[in-house]
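Visitor: This is the structure, below, for whatever I ask next.
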Protein chains: 2
Amino acid sequence: MSYRAPVEEVSYFLKTSTSLPNLMAQGLVDLSFDVVDAVLDEAGKFAGSVIAPFDRVADKQGCTLKDGAVTTPEGMRAAYEAWSEAGWSGVAAEEEFGGQNLPTSVTSALTEFWNAASPAFGICGVLTLGAIEALTAHGSAELQHIFLPKLVSGTWTGTMNLTEPQAGSDLAALRSKAVKQADGTYRIFGTKIFITYGEHDIAENIVHLVLARLPDAPAGTKGISLFVVPKFLVNADGSLGARNDAVCAGIEHKLGLHGSPTCTMTFGEKGEGAIGYLVGEENRGLACMFTMMNNARLAVGVQGVAVAERATQRAFAFAKDRKQGKAPGVEGSAPIIAHPDVKRMLLTMRAETDAARALCLKTADALDRSRLLPDPIARAAALAEASLLTPVAKAFSSDAGIEVSSLGIQVHGGMGYVEETGAAQHLRDARIFAIYEGTNGIQAIDLVTRKLPQEGGDVVNALIADYRETAEEVSALNAPDFGHAGPRLAEAVDALGRATRVMLDRVADEPAKALATATPYLRLYARAAGGAFLARTALAAYAERAAGATDPRLAARITVARFFAENLAVEAKGLEEVVNGGAGGVLEAEAVLALG
Amino acid sequence: MSYRAPVEEVSYFLKTSTSLPNLMAQGLVDLSFDVVDAVLDEAGKFAGSVIAPFDRVADKQGCTLKDGAVTTPEGMRAAYEAWSEAGWSGVAAEEEFGGQNLPTSVTSALTEFWNAASPAFGICGVLTLGAIEALTAHGSAELQHIFLPKLVSGTWTGTMNLTEPQAGSDLAALRSKAVKQADGTYRIFGTKIFITYGEHDIAENIVHLVLARLPDAPAGTKGISLFVVPKFLVNADGSLGARNDAVCAGIEHKLGLHGSPTCTMTFGEKGEGAIGYLVGEENRGLACMFTMMNNARLAVGVQGVAVAERATQRAFAFAKDRKQGKAPGVEGSAPIIAHPDVKRMLLTMRAETDAARALCLKTADALDRSRLLPDPIARAAALAEASLLTPVAKAFSSDAGIEVSSLGIQVHGGMGYVEETGAAQHLRDARIFAIYEGTNGIQAIDLVTRKLPQEGGDVVNALIADYRETAEEVSALNAPDFGHAGPRLAEAVDALGRATRVMLDRVADEPAKALATATPYLRLYARAAGGAFLARTALAAYAERAAGATDPRLAARITVARFFAENLAVEAKGLEEVVNGGAGGVLEAEAVLALG
């Protein structure tokens, strides 16, 4: 099945539900929607015609490792070269390094398209962008000069080397070692696991960003430094020099993302250490890493949206084509899309996907404002908003990717279980999104313990007030097309408001209980915020219809918002109960935990 | 990781929460719990030591097809032979055919153990038992004499041939043809797909049960007949004769269950037809098929329980072993089981698994009463109960298999995504359970349109009254160990009661709306019933503790029931809203459905 990038949906959302029009009007973004639409359109075509076709092949072939060299599946290198030659690798980077400096709201949409076409392909660009951002924010002028233009042009790719066998979610436990040399460089020793595109054959060099400890570093996360460790050293003239001792010692046999090599990397195994260059200050590596990680977290949320969108398109196409049984108003055998239970599944897929996209694009929009607004107070407020929304966007959207792709299998019936159909691959691919770049449990803990308490709760409460306003507008409109969306949404937002007060107290007073209820709280947040975002877009669509517009997409947006409010936002009630109850039993469960 | 069959849990449930003790006391079941416990124990050991070890190998090797012959993975045949030689294949069958006629509640537990050890292995026995049941209920004495002893001893295996490319959920569309011969046999022509163990090398003959149409049969489901079509014909002396024209033309490359061959079967491709024997009456095949299908539906629910249990055991073992980060009260690096969010995931897995098992065993228990009680009115009532619970047990437990195994991956973090860990296989294996033997959407429709209206709603209302009584007992007990389980459960049961009234009216008056809300209704049913069943068992455990018993499992059962009520049964509120709202928007969604 071919992939059709949701260009109109993204464009409509950017126009009606983000600050991009304002930023353009104020001259803070030097773009028009004509240009944005052209970029989206072009990217959509590229994703559908160049990347999507080899995604199944890549899944089937996977990657192989021989003598430290990784061979990626047929077509991967050609697609990557075409993609970087077309300039897509640099859309988010600064112009001084050859980038196009497009707003994050726009580049997030592009990230969605690449990853919908092939997440095994798309993740490489996500990591490279992370490296670009870390070097842009923290690298010395010299490091920037050497590495950024090649990363921005896509000639080289980037990696993030955090995880070690004993240090997954707990970076404090990492042991990789860095020893300073007389010439100011460092020698790096250690083993890193789960390194995405740690080794490959699609570009000529690989720029590893590696966390390691200096010999005299403090224990824990305050003793971690960040280094650039290129696969090939770079000569003064920019040409490639000697092979560095950064070697792929193994690749994982994974549930999905078969086209993307996941490597065990050894640094300095030959004895003298891999040559590395310090990024930022010694012992301040974690702050640098968070620069790339926060953006990577949003990008992983976008991956969830991407695979959900692809799975949804595939399920709709199948349901329109597959005939089975009778349905009211249909002569003979009916396409299964005519059956109410199948409709319910398809609408769930569509609504979850659109809500996840809305959460990601709203996060991206807040990031844009945090960078572009002239007023520093407004910038800080936008940054606080982005910080709060990032874990929600990452966790909810990655969960949505899993749930929607699982529903996609269900819509296909028995065919969904057969690999050739393609529906199963989406679930296999999506399953990692809830894990990498910080598990969704870590996201929920981040939300509750670090993001809610920002400004004593003022940040989250202002956002909730905004969601409430949307719900009230829908209720006040009292339009039949919205069904009971207004009251259902208001209930969800009110539940979120109450649960937020509970959590703000709890973080201070009962931290263990806060941790035990962080995940249901995050989901409650996403149910209310996602519903409000969809409703906001639907209100714009409603106004256009009232003014005479007839594009069927306008009516569809209203239906999706209604469906979400009436069928998914209503989960809020139960979730609030779980939060209030302190995840009853979790902290008193020793008997169960001992027995297993 | 080794599998340890939950012998004590099953035994405790049978003793405290089913009618088995009463049936024993009345002499209707000629067994004691000493014997039952010994059987469970023996089966558990066999499952853990003989079957479980080759499950990963089977997944990795898969099946191959060459010249119509299927080779199963290494160890499958040996395990199957040991299993049938030990007498496990015949535990549910009647004694006159060599079976042991054990109650379904006990055999369901055994089915769980085999399928937890390896669902790719276990599904073969499920299908064979289906064939045994169909022949026992509907076969002529001659057919029974020829086929039953060999099926019961496991010397031969059975299959169910329903699905055709154009006829999946819609059996009315099936086209396979049967032509009567002068000698009373039939010639069968047609192609069947997704036939589990349709061809294999683990037993000497395969007894296919095949649905087909006679030339003059009425259209639709009233023109379907059931035939036995053996792979090898059987001579008068019981020895194997000529090869029948029932041939495996292909096997599927599936998401999971790699060890189980899923075959495309052609009948009569060589021209003269495969030789078949009519089961039951002409054109009454569907009724016969439902005999095997209803029991297979329960067995698929049990498969969900099985994989959920295995995934839960694996996650607990990992969480106790894996150290990461700090936790209150733990020196140094803490096992991740000490982290509240991990505890929450593990308790969710345990509670969902136990609730699913309770639903399946209660269904099995109703089946036992429907067969064994002396009073025909009581038997009919038990049958109505079993009929109602079967779709709930199938759908909820299969969904639980998927959700729990997905959570199991999450508990493992990055390791969960690596196939060698084993956690990912559980999700791949479990994903089919929601599809085969009637998709979960079909189960929900069956529940709402056929099972709720039994006796004008009296059947369902009596069950709900029973769940309410349990909730009230918990509330009345007012014991701290139960937390707020009593009120939470009562709310869930009340929500179910109200939603049931809505649905009973709707089935008659607004059938499309009933269909659109059938799935959320079924889940609501399972939330209330599952919670009540766990609470019933926990009440028994509470009484034992009050009387001085100290087995830590008793406390664990109470915690699990509490956790379920406070964290999972609370979903009921939102689900009731969805049911009441008529799955708002589903039936007015043409704009979305047209766009995709």
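The values are calculated or read from the model by the stated rules, or taken from the named source; none is laboratory data. The shown structure was predicted, so the numbers you read here are calculated from the model rather than taken from an experiment. Heads up, the Cβs are rebuilt from the backbone with ideal geometry, glycines too, and the neighbour counts pull from every protein chain shown. Each accessible area value is taken on the protein alone, full model and side chains, heavy atoms only, with ligands, DNA and RNA left out. Shrake-Rupley method; radii C 1.70, N 1.55, O 1.52, S 1.80 Å.
Visitor: Buried accessible area for the A:B pair, summed, 1.4 Å probe, in Å² rounded to 100?
Guide: Working: alone 23490 and 23550 Å², together 39880 Å².
Buried area (both sides, nearest 100 Å²): 7200 Å².
Visitor: Could you compute the FRET efficiency for B:Glu510 and A:Glu331, with r as their C-beta to C-beta distance and R0 at 30 Å, rounded to 0.05? Don't skip to the answer; put the middle values down first.
Guide: Working: r = 23 Å, r/R0 = 0.75.
Efficiency at R0 = 30 Å is approximately 0.85.
Visitor: Quick one: putting +1 on the C-beta of Lys and Arg, -1 on the C-beta of Asp and Glu, what dipole do you get for the protein assembly as shown around its Cα centre, in Debye to the nearest 20? Provide the component values of the computation, followed by the final result.
Guide: On the way: 108 positive and 140 negative charges, 30 e Å.
Using only the charged Cβ atoms, the result is roughly 140 debye.
Visitor: Here is a further query. Given the -39500 (n - 2.57) contribution per DSSP H run of 4+ residues, what per-residue ellipticity at 222 nm results for the protein assembly as shown, rounded to the nearest 500 deg cm²/dmol?
Guide: -18000 deg cm²/dmol
Visitor: In straight Cα distance, which lysines are under 27 Å from B:Lys254, not counting same-chain residues fewer than 8 positions off?
Guide: A:Lys60, A:Lys254, A:Lys320, A:Lys323, A:Lys343, B:Lys60, B:Lys66, B:Lys192, B:Lys231, B:Lys394
Visitor: What share of the DSSP beta bridges in chain B is antiparallel, in percent to the nearest 5? Working shown, then result.
Guide: On the way: 33 of 40 bridges.
If I count the DSSP bridges inside chain B, around 80 percent turn out antiparallel.
Visitor: Please sort through the DSSP H helices of chain B and keep those with an alpha-carbon extent of at least 24 Å along the long axis and a Kyte-Doolittle average not below 1.0.
Guide: On the way: long enough: B:119-138 (28 Å, 1.31); B:285-321 (53 Å, 0.44); B:340-372 (47 Å, -0.25); B:376-412 (51 Å, 0.70); B:458-477 (28 Å, 0.18); B:485-509 (36 Å, 0.06); B:518-546 (41 Å, 0.30).
Helices meeting the criterion: B:119-138.
Visitor: Another question, if that's okay. Can you list the residues of the range A:4-38 with backbone N under 11 Å from a point 7 Å past the Cα of A:Ile377, pointing along Cα to Cβ?
Guide: No residue qualifies, since no backbone N sits under 11 Å from the label point.
Visitor: Can you work out the FRET efficiency for the pair B:Ser49 and A:Phe290, with r the C-beta to C-beta distance and R0 = 41 Å, to the nearest 0.05? All intermediate terms of the calculation are to be shown ahead of the outcome.
Guide: Numbers: r = 49 Å, r/R0 = 1.19.
About 0.25, to the nearest 0.05.
Visitor: Here's something else I'd like to know. Given H placed on each backbone N at 1.01 Å, which residues far from B:Asn244 in sequence or on other chains put an amide H within less than 5 Å of it?
Guide: So B:Asn244 has HN proximity to B:Phe232, B:Leu233.
Visitor: A further question on this structure: Under 14 Å between alpha carbons, and skipping anything fewer than 8 positions from A:Lys270 in its own chain: which aspartates and glutamates qualify?
Guide: Hits, sequence-local ones excluded: A:Asp245.
Visitor: A further question on this structure: Rounded to a whole number, what % of the accessible area of the protein assembly as shown do carbon and sulfur atoms account for, probe 1.4 Å? Kindly include the intermediate steps, with their values, before the conclusion.
Guide: On the way: 20930 of 39880 Å².
Of all accessible area on the protein assembly as shown, carbon and sulfur atoms account for 52 percent.
Visitor: If we hang a label 7 Å off Cα along the beta carbon direction at B:Gly220, how far is it from the matching labels on the other copies, in nm, shortest first?
Guide: 7.3
Visitor: Rounded to the nearest angstrom and ordered from largest down, what semi-axes does the equivalent ellipsoid of the range A:439-584 get from its C-alpha gyration tensor (root of 5λ)?
Guide: 32, 14, 12
Visitor: What distance in nm lies between label points placed 7 Å from Cα along the C-beta direction at B:Glu74 and A:Asp30?
Guide: Result: 6.5 nm between the two label points.
Visitor: Something else about it: In peptide B:245-254, what is the residue-averaged number of other protein chain Cβ atoms found within 10 Å of each Cβ? It would help to have the intermediate numbers written out before the result.
Guide: On the way: counts 0, 0, 0, 0, 0, 0, 0, 6, 5, 6.
The shielding value for this peptide is 2.
Visitor: At B:Thr64, label 7 Å along Cα→Cβ: distances to the other copies, nm, ascending?
Guide: Values, ascending and in nm: 1.7.
Visitor: Next question. Inside 10 Å of the C-beta atoms of B:554-563, what's the mean count of C-beta atoms belonging to other chains? Don't skip to the answer; put the middle values down first.
Guide: Values: counts 1, 7, 8, 3, 3, 10, 5, 1, 5, 8.
Neighbouring Cβ atoms belonging to other protein chains average 5 per residue here.
Visitor: Exposed loop sites here are GluC sites (Glu not before Pro) in DSSP loop states with at most 10 other C-beta atoms within 10 Å. What is the longest stretch of chain B lacking them?
Guide: Details: sites that count: B:Glu272, B:Glu331.
That gives B:1-271 as the longest site-free run.
Visitor: Sticking with this structure for a sec: Can you list the trypsin sites (Lys or Arg not before Pro) in the range B:168-259 that are in a DSSP coil and have 15 or fewer other beta carbons within 10 angstrom? Display every interim value, and only then the final one.
Guide: Working: sites: B:Arg175, B:Lys177, B:Lys180, B:Arg187, B:Lys192, B:Arg213, B:Lys222, B:Lys231, B:Arg243, B:Lys254; in loops: B:Arg175, B:Lys231.
Those that pass, being in a loop and sparsely packed, are B:Arg175.
Visitor: Compute from the Cα atoms of the range A:1-117 the Rg and the Dmax, the latter being the longest Cα-Cα distance, and quote both in angstrom.
Guide: Here Rg and the maximum Cα pair distance are 16.5, 56 Å.
Visitor: Please calculate how many Å² of accessible area the range A:439-584 carries per residue, with a 1.4 Å probe and no DNA, RNA or ligand atoms counted. Present the calculation step by step, with values, prior to reporting the outcome.
Guide: Details: 5000 Å² over 146 residues.
Per residue, the range A:439-584 has 34 Å² of solvent-accessible surface.
Visitor: Another question, if that's okay. Efficiency by 1/(1 + (r/R0)^6): what FRET value for B:Gln166 and B:Glu590, r their Cβ-Cβ distance, R0 = 35 Å, to the nearest 0.05?
Guide: Details: r = 26 Å, r/R0 = 0.74.
E(calc), rounded to 0.05, equals 0.85.
Visitor: Using a 1.4 Å probe on the heavy atoms of the protein chains only, list every residue of the range B:332-371 that has 40 Å² or more less accessible area in the complete assembly than in its chain alone.
Guide: B:Pro340, B:Asp341, B:Lys343, B:Arg344, B:Leu347
Visitor: Can I get the semi-axes of the protein assembly as shown's equivalent ellipsoid? Compute them from the C-alpha gyration tensor as square roots of 5 times the eigenvalues, in angstrom, largest first. Kindly include the intermediate steps, with their values, before the conclusion.
Guide: On the way: eigenvalues 496, 218, 194 Å².
For the protein assembly as shown, the semi-axes come out at 50, 33, 31 Å.
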